[in-house]
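Before anything else, here's the structure in question.
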Amino acid sequence: MLSRRENTIGVLYLLASAACWGFVASTVKRLTWEMDPHTISFLRVLLATLVFVPLVWRERRSFRGLKWFLPWILLGALGRAGNYIIYNVGMTLVPSNAATITLPVQTVTTVLLAWLIMGERLQGKWPGLLLSLSGLALLWWNGQGWEVLTEPRYALGNALMFISGIASAFHFMSQKVLTARMSVSEMLLPVFGWATALTFPFAWWSGGLGRSYSLTSWALALFLGIILTGGSFIFLGEGYKRCSATTGVIVTNSSIFITLLLSLWLLHESVSPMMILGALLVLAGTMAVVQSDRLRLALVREDVSMPSCEVERP
C-alpha cells in the first residue's frame, strides 16, 4: 500500500504532465498553419519514440525482451495513434480552446474502464468527478446557441474531439495496467513505436513528408514531440504508479487552465466568463478527488496499524 507521501509525489507527476498538455492545443493549432494534421501526428509520435529509446537502453542495455505484442501494448498504440490523428484533424475545424471537449469524454471513458477492468472503487470520488464533468460541460457549451453548436463544420470538429477522447482513454488504461508490470520507458517505447508505424501511412498519403517548412514550424514540432509528448508521458507513467486511474485522469484535466490562457494570449481566441467558471469547477473537482484518495490512504493505514484484539473464550 502506497504512503501519503508517495501519493502526493504521484499527484505532482500528474500535474507536471498536465502542464505539458496545456501547451498542446495552441502548439498543434499553430502547426496546422503550415503542416497537415497527419504529418503532425506522425512527427509527434516519432519524436516521442526517440525520447524513449535512450531511456530503455540506460535501463536494460538491450532492446531484447521488450513486450511488443502484448494486447495492452497494441491497444494502447491504437488508442494513442487514433487520438492524435482524429484530434489534429478536429483542430483544423475548431478553435484550440475547443480541445477541452476531449477531457469529459476521456474522464468518463477512463472511469468506466477502470471500474470494469481494474475494479477501482468510485466511493468518495463522485462529488469531484461530477464537479469536473460539470465544469468541462460549461467549457464546451460556452454559452453558445444551438445554431453555433450544430453548424456543420463546428459540429464535425466537436464530434472528432469527442471520438479522440475515447481513443485517448484506452491508452490511459493501457498505461495504468502496464506500469504494474514494467518500467515506464519499457512500456512507452513499444506503444509509441507501434503508433509511429500506424501514423506513417497517413503522413505519406497526405504528402506532408515531402514539403518544406519554416524554422518556426520545425521548432514547434520538436517541442511538441520531445517535451509535450515524450516528457508528459514519462511524468504520467510515474504518476500512475502512485495514483488510481480515476485520480490520474481528473488531475491531468487541470491542463485546461494553460490551454485557455495560451488560446487567449497566443492565438487571441475568446475566453468567456462561462469558460472561466467551467475551469474553476474542474479545479474544484480535481482537489476533491485528490483529497478523497488521501483520506482513503489515511484510513487504510490506520486499519493496518490498529492491533487486532481476540476475545479469549472460556
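Take the conditions assigned to a loop (DSSP other than H, G, I, E, B), surrounded by fewer than 21 Cβ atoms within 10 Å (Cβ to Cβ) and out of contact with any strand residue (DSSP E or B) (no Cβ under 7 Å at 6 or more places or on another chain) and apply them to Glu147. Does it pass? Can you show your working first?
Details: assigned to a loop (DSSP other than H, G, I, E, B): no; surrounded by fewer than 21 Cβ atoms within 10 Å (Cβ to Cβ): yes; out of contact with any strand residue (DSSP E or B) (no Cβ under 7 Å at 6 or more places or on another chain): yes.
Answer is no for this residue.
Of all residues in segment 4-34, count the ones that are more than 16 Å from the chain's Cα centre (by Cα) and either surrounded by 24 or more Cβ atoms within 10 Å (Cβ to Cβ) or under 17 Å from Val289 (Cα atoms) (or both). Before the answer, list the steps.
Restricting attention to segment 4-34, the residues satisfying the condition of being more than 16 Å from the chain's Cα centre (by Cα) are 4-9, 29-34.
Pick out the ones that are also either surrounded by 24 or more Cβ atoms within 10 Å (Cβ to Cβ) or under 17 Å from Val289 (Cα atoms) (or both) and you get 4-9, 31.
Matching residues across segment 4-34 total 7.
Residue-wise test of (1) over 30 Å from Met274 (Cα atoms); (2) out of contact with any Asp or Glu (no Cβ under 6 Å at 6 or more places or on another chain); (3) without any contact (Cβ under 8 Å) to a residue 24 or more places away in the chain; (4) part of a helix (DSSP H, G or I).
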site	(1), (2), (3), (4)
Ile101	no, yes, no, yes
Val105	no, yes, no, yes
Ala114	yes, no, no, yes
Leu131	no, yes, no, yes
Tyr154	no, yes, no, yes
Asn158	no, yes, no, yes
Leu188	yes, yes, no, yes
Thr196	yes, yes, no, yes
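Residues to consider are Leu139, Leu122, Leu129; find the one that is among the aliphatic types (A, V, I, L, M), at pLDDT below 80 and crowded, with 24+ Cβ neighbours inside 10 Å.
On the way: Leu122 fails: crowded, with 24+ Cβ neighbours inside 10 Å; Leu129 fails: crowded, with 24+ Cβ neighbours inside 10 Å.
Matching residue, one of Leu139, Leu122, Leu129: Leu139.
Looking at segment 58-103 only, could you name the residues that are basic (Lys, Arg) and crowded, with 18+ Cβ neighbours inside 10 Å? Spell out how you get there, then give the answer.
Within segment 58-103, the first condition is being basic (Lys, Arg), and the residues that meet it are 58, 60-61, 64, 67, 80.
Correct list: Arg80 only.
The values are calculated or read from the model by the stated rules, or taken from the named source; none is laboratory data. As the structure is a computational prediction, the values presented were derived from the model and not from experiment. Quick reminder, even Gly has a Cβ in these numbers, built from the backbone with ideal geometry, and neighbours come from all protein chains shown.
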